[in-house]
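Notes for the one structure printed next.
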Amino acid sequence: MSTQPGDETIVVTPARGAAAPGPSFTPAPSPQSGPGPAAVQEAWYARTYEQDPATLSPAGREAYGRLQAAGWPRPQAPASAPKDDRSSWPVALADGMAVGALITSLCGFSVIGIILGAIHMSNAHKRRERASAVGCWGLGLGVASLAAEIILLILFIAAIASAASAASYPAGF
């Protein structure tokens, strides 16, 4: 089809929201639009993993240069770790475990007092509370009374052993 002078061309604009007639195409990027996303990703990878920029594609080298000129990557402040200060935890109330630990430790059942005190402290920690003083005293007294019981047992065994050994020697010796 050829056009002659005097032919008129009528252009009809599509209705609002309607697709333009004819084949759809994506316009080529203009040379001033910058490197494409693939080139930027290639430059980011090279920068992050300390790769030599000379090994990049031409578009990657261009993206690398533009990003470096823009001050990329910008230094970021290190993220501070969330503060989990146990001094801000509420104090647990003296429950049955804590009271039981104190009473059994005072009565001489130190192993039971240690077990009950440890259970109380573990439960308080799981509830993100500070253990009560009663439970801590029960655990501490249980450990102290167990140590005293062991020392007394050792001294008792040593006294029996020395008395038995002294009786086995003759009187004139």
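Close amide H partners of residue 132, meaning residues 5 or more places away or on another chain with modelled amide H under 5 Å apart, are 92.
Available extension along the chain between residue 133 and residue 164 is 6.6 nm, counting 0.36 nm per residue and deducting the alpha carbon span.
Modelled spin labels at residue 59 and residue 156, positioned 7 Å past Cα toward Cβ, are 8.8 nm from each other. Taking label positions 7 Å along the Cα-Cβ direction at both residue 48 and residue 106, the computed distance is 6.3 nm, reported to one decimal.
3J(HN,Hα) couplings calculated from phi for segment 50-63 with the Karplus curve 6.51 cos²θ - 1.76 cosθ + 1.60 (θ = phi - 60°) are, in sequence order, 6, 8, 5, x, 5, 7, 7, 5, x, 5, x, 5, 5, 5 Hz; Gly and Pro show x.
None of the figures in this text is laboratory data; all of them are computed from the coordinates on show. Bear in mind that the values here come from a model prediction, so they are computed numbers and not experimental data. All Cβ positions, glycine included, derive from the backbone under ideal geometry; neighbour counts span all protein chains shown.
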